[in-house]
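The values are calculated or read from the model by the stated rules, or taken from the named source; none is laboratory data. Just so you know, these numbers come straight off a predicted model, no measurement behind them. Note that we place each Cβ from the backbone using ideal geometry, even for glycine, and neighbour counts take in every protein chain shown.
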Amino acid sequence: MNLDFTQIVPYIPFILKGIGATLQFVSISIVVGFILGTILAICKITKVPLLKWLADAYTSIFRGTPLILQLMIIYFAVPQLTGFDITAFVSAVLAFGLNSAAYVSEIIRAGIMAVDKGQTEAAEALGVPYKSMMLNIILPQAFKNILPALMNEFITLTKESAIVSTIGYLDLMRRAQIVGADIYRNFEPLLVAGLIYWVMVFILTKIGGLVERRMRQSD
């Protein structure tokens, strides 16, 4: 096998910088997705038909089209329409955040629906306002139930983050590609990038399991 890892040793610090770049936009994206997803989930269970329709339409569009297409539209097509350039970082955050919101909204909606209806009936009987009921009674119970699913979404975003290399964002994958082009060897840097992705996902999985156990113990 024609392998020579010694050539990429000087490039290791350059590749490792991609970890921070990757986690930075993924973390912001998951926050955007969580906030917007929560709003969408509440709209889906509301009794206002228009809000429910808009939330369902949003979810259908973003779940029914490829993430890379959404990224390309934001980075290439939106500037064409608006005349304003969007940086690769902002494009990545918007694409991943908006896409994640569609999936998170379904996760949260399912979590809300799984909460015992008696909780809602009791709150209504006591005259608790809808907003207070959702924020203080329903959502805390729902989030505890859906934490594993939310953690899986975070892990999925971390793995799918590699597609931002297509718009030139210097994430982990893009840096590995640059190293491969520089030394005319692609297998070694891509293998190193793959190992780093695996380590990140492994750590995130362990953290998710730890948080889940802590929450179960607090019940």
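If the condition is being in contact with a helix residue (DSSP H, G or I) (Cβ under 7 Å, 6 or more places away or on another chain) and of a type in the set (S, T, N, Q), then the stretch 142-152 contributes only Asn145. Examine the stretch 75-85 for a residue that is touching a helix residue (DSSP H, G or I) at 6+ places or on another chain (Cβ under 7 Å) and either modelled with pLDDT of 95 or more or hydroxyl-bearing (Ser, Thr, Tyr) (or both), and state whether such a residue exists. Yes, there is a match, as at least one residue in the stretch 75-85 is touching a helix residue (DSSP H, G or I) at 6+ places or on another chain (Cβ under 7 Å) and either modelled with pLDDT of 95 or more or hydroxyl-bearing (Ser, Thr, Tyr) (or both).
Please tell me if Ala125 is over 23 Å from Ser29 (Cβ atoms) and either touching an Asp or Glu at 6+ places or on another chain (Cβ under 6 Å) or modelled with pLDDT of 80 or more (or both). Before the answer, list the steps.
Numbers: over 23 Å from Ser29 (Cβ atoms): yes; either touching an Asp or Glu at 6+ places or on another chain (Cβ under 6 Å) or modelled with pLDDT of 80 or more (or both): yes.
Judged against the criteria, Ala125 is a match.
Residues that are in contact with a Ser or Thr (Cβ under 6 Å, 6 or more places away or on another chain), of a type in the set (Gly, Ala, Ser) and modelled with pLDDT of 80 or more occur in the stretch 158-165; there is at least one.
Among the numbered conditions (1) surrounded by 17 or more Cβ atoms within 10 Å (Cβ to Cβ); (2) in a helix (DSSP H, G or I); (3) in contact (Cβ under 8 Å) with a residue 40 or more places away in the chain, the only one that Arg185 does not meet is (2).
When Met134 is tested against (1) over 13 Å from Ala41 (Cα atoms); (2) touching a residue at least 40 places away in the same chain (Cβ under 8 Å), exactly one condition is not met: (1). Taking helices (runs of 4 or more DSSP H) as the structural unit, those lying wholly within the stretch 15-104 and holding at least 1 residues that are surrounded by fewer than 19 Cβ atoms within 10 Å (Cβ to Cβ) and under 17 Å from the mean Cα position of the chain (by Cα) correspond to 49-64, 67-72. Within the stretch 1-23, the set of residues being in contact (Cβ under 8 Å) with a residue 24 or more places away in the chain and either under 12 Å from Leu172 (Cα atoms) or among the aromatic types (Phe, Trp, Tyr) (or both) comprises Phe5, Tyr11, Ile12, Phe14, Ile15, Leu16, Lys17, Gly18, Ile19, Ala21, Thr22, Leu23.
Within the stretch 107-125, count every residue that is touching a helix residue (DSSP H, G or I) at 6+ places or on another chain (Cβ under 9 Å) and surrounded by fewer than 17 Cβ atoms within 10 Å (Cβ to Cβ).
Residues of the stretch 107-125 touching a helix residue (DSSP H, G or I) at 6+ places or on another chain (Cβ under 9 Å): 107-116, 119-120, 122-124.
Then drop every residue that is not surrounded by fewer than 17 Cβ atoms within 10 Å (Cβ to Cβ), which leaves 110, 113-114, 116, 119, 122, 124.
Within the stretch 107-125, residues that are touching a helix residue (DSSP H, G or I) at 6+ places or on another chain (Cβ under 9 Å) and surrounded by fewer than 17 Cβ atoms within 10 Å (Cβ to Cβ) number 7.
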